[in-house]
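Step one of this worksheet: look at the structure below.
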Amino acid sequence: LRKAMQVVSSVHDVKAQRRGLRSSVAFVPTMGALHAGHMALVDAAKARCDNITVSIFVNPKQFGTNEDLSHYPRPLSDDLALLESAGVDMVFTPSEADLYPSGFSTQVQVEGLSDVLCGAHRAGHFAGVTTVVGLLFALIRPDVALFGEKDFQQLAIIKRMNQDLQLIDEVIGVPTVRESDGLALSSRNRYLTVQERAIAPALHTALCEVKNRLLHGEATDAVLQGAKEWLLHSGVSRIDYLEIRDSNTLALTDTPQNARAFIAARLGN
Ligand code: PAF
């Protein structure tokens, strides 16, 4: 008989629970509003460790002043039901006051990797992510933690933080889960209007086209320029970036070897 899933909401209780655990622990940090992408992280976690711990915390430190903190979706009871049916052992749902008590003054910042791509467009975002993930690693003390490749820069930064600070055994990336039309699953997809939702898969189409043309030896600049024009023509409002970078260092590169195409674009709001 499997033990019922524990929902722990205080820092004090999560530390007490952890002290009592002898099994290997896989950790999946989330901001809730869970979808099949998160559940793929849980499945990958189950293949690795005996105990699966998930956190749900909408982390204010990683939201910019004009971002969606106040209306970020928080369907907690649906999330807990999903995690329970997936066989998760513990869910940590801390409050902001408990995680960041008054006087909290520490920031974890990974230099270099956090300065490019989304780091150049979302001031302070990655320091907010690494601060909360470092803190959650300290509380949960997992053996491994799992993150989606959808946020590939976040994954690279967390891997670097973990390598530098020697926090846990392994940070594992899990492939992006997509809708049948190619749109990557995201808690924020629910913000899209019907018209925007119809345009959104263009991002995936453009990435695939870029990949195919580069693998056929076409010049990077021309391929990227063509893809940007096509995206704007398809109804995307603005492109923050579309670049080819090395998968490990995130340095710009012209060759597709060990590289990824990175895109951030805006649709409506
Ligand atoms: O990817 C996310 O959902 C968040 O950035 C994370 C890793 C849970 C930190 O708040």
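A few notes on this one:
- Verdict on residue 124 being within 26 Å of residue 259 (Cα to Cα), in contact with a helix residue (DSSP H, G or I) (Cβ under 8 Å, 6 or more places away or on another chain) and touching a residue at least 60 places away in the same chain (Cβ under 8 Å): yes
- When the test is whether a residue is modelled with pLDDT under 95, part of a loop (DSSP other than H, G, I, E, B) and more than 23 Å from residue 108 (Cβ to Cβ), residue 34 does not pass it.
- Residue in region 200-223 that is under 30 Å from residue 135 (Cβ atoms) and out of contact with any strand residue (DSSP E or B) (no Cβ under 7 Å at 6 or more places or on another chain) present: no
- A residue that is away from the ligand (no atom under 14 Å from the Cβ) and surrounded by 14 or more Cβ atoms within 10 Å (Cβ to Cβ) occurs somewhere in region 117-130.
- Residue match in region 91-100 (condition: at pLDDT below 95 and surrounded by fewer than 19 Cβ atoms within 10 Å (Cβ to Cβ)): no
- Qualifying residue in region 78-98 (condition: in contact (Cβ under 8 Å) with a residue 60 or more places away in the chain, at positive phi and not in a helix (DSSP H, G or I)): yes
- For region 151-182, a tally of residues being in contact (Cβ under 8 Å) with a residue 24 or more places away in the chain, more than 18 Å from residue 42 (Cα to Cα) and charged (D, E, K, R) returns 2.
- For region 49-64, filtered to residues that are over 20 Å from residue 154 (Cβ atoms) and not in a strand (DSSP E or B), the residue that is nearest to the chain's Cα centre (by Cα) is 49.
- The condition of being in a strand (DSSP E or B) and surrounded by 21 or more Cβ atoms within 10 Å (Cβ to Cβ) holds for only one of 28, 42, 14, that being 28.
- Region 46-70: number of residues that are touching a residue at least 40 places away in the same chain (Cβ under 8 Å), within 16 Å of the ligand (Cβ to nearest atom) and closer than 15 Å to residue 141 by Cα: 2
- Scanning region 143-167 for residues being in a helix (DSSP H, G or I), buried (at least 20 other Cβ atoms within 10 Å of the Cβ) and within 9 Å of the ligand (Cβ to nearest atom) gives a total of 2.
The values are calculated or read from the model by the stated rules, or taken from the named source; none is laboratory data. Only a predicted model underlies this, so the values are computations on that prediction, with no experimental measurement involved. Reconstructed Cβ throughout: ideal geometry from the backbone, glycine too, with neighbour counts over all protein chains shown.
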